[in-house]
Amino acid sequence: MVKLEPFTEKDFDLLISWISTQELMVQWSGAHFKFPLDHEQLAKYISSANLEASSEYIYKVMANDEIAGHISLGRVDRVNETARIGKVFICPAARGKGYASEMIHQILNLAFQELKLNRISLGVFDFNLPAIKIYEQAGFQKEGLLRQTNKVRNDYWNLIEMSILKAEWQASAGLRGIQSNV
């Protein structure tokens, strides 16, 4: 069972230990952070979520009383009822255990049930086939390919844009019997 809990300063060192290369940094955050990740960058990141009118929800992913990952729901637009999933990461020791799928279902429960949003988007690099499979299984649809959006060392990476609508999620959530634990 996966549970989302607020990401706090006491979680910084563990996340920093996971993001050990420039490539992992870009996969995790796009251009949001600079490598190497440090406390100052993370403090600024969570300070934006601590504002009263926050449009960002930042979580650590708990599995069996261990921190297994990280995820955020940002750019929450209450007028248009949209948001964007970002900074998705499963720690290396927790991969292959189904936690990523559960984490995505939990963040979608938050977005659609609690925040009453209508559309959730995300971006995933085209070579990240395991993540794409998880997102598609959750009901996300591919919307397009943004070519060469990020330069990492001497390579350019392509980003796939994906989204899911509340009606699509409701249709698939009914089949899974998802309950909110956030």
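The values are calculated or read from the model by the stated rules, or taken from the named source; none is laboratory data. A quick note: this is a predicted structure, and the numbers were derived from the prediction, not measured. Neighbour counts are summed over all protein chains in view; Cβ atoms, including those assigned to glycine, are modelled from backbone coordinates with ideal geometry. We work out accessible area using only protein heavy atoms, side chains counted, and drop any ligands, DNA or RNA first. Shrake-Rupley method; radii C 1.70, N 1.55, O 1.52, S 1.80 Å.
A compact table of results
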| read-out | value |
| --- | --- |
| Heavy atoms of V79: accessible area, 1.4 Å probe, square angstrom to 10 | 130 |
| Amide N proximity, region 105-133 versus V152 label position 7 Å along Cα-to-Cβ, cut-off under 20 Å | 122-133 |
| Cα gyration tensor, region 18-111 - rounded (a/c under 1.5), prolate or oblate | oblate |
| Solvent-accessible area per residue for region 1-122 (1.4 angstrom probe, square angstrom) | 49 |
| Region 1-65 shape via C-alpha gyration tensor axes, a/c threshold 1.5 | oblate |
| Residue order for S20, S101 - accessible surface, 1.4 angstrom probe, largest first | S20, S101 |
| Cα gyration tensor category, rounded, prolate or oblate, for region 94-152 with a/c compared to 1.5 | oblate |
| The chain - mean residue ellipticity at 222 nm from DSSP helices (-39,500 (n - 2.57) per run, n ≥ 4, rounded to 500) | -9000 deg cm²/dmol |
| Ranked order, H32, H39, H70 - accessible area, probe 1.4 Å, largest first | H32, H39, H70 |
| Cβ charges +1 (Lys, Arg) and -1 (Asp, Glu), total dipole of the chain, debye | 380 |
| Label of the coordinate-derived value, mean projected area of the Cα convex hull in nm², listed as (i) 13.7; (ii) 18.1; (iii) 10.2 | (iii) |
| For region 1-156, with +1 on Lys and Arg beta carbons and -1 on Asp and Glu, the positive-most of L146, Q27, G123 along the dipole | L146 |
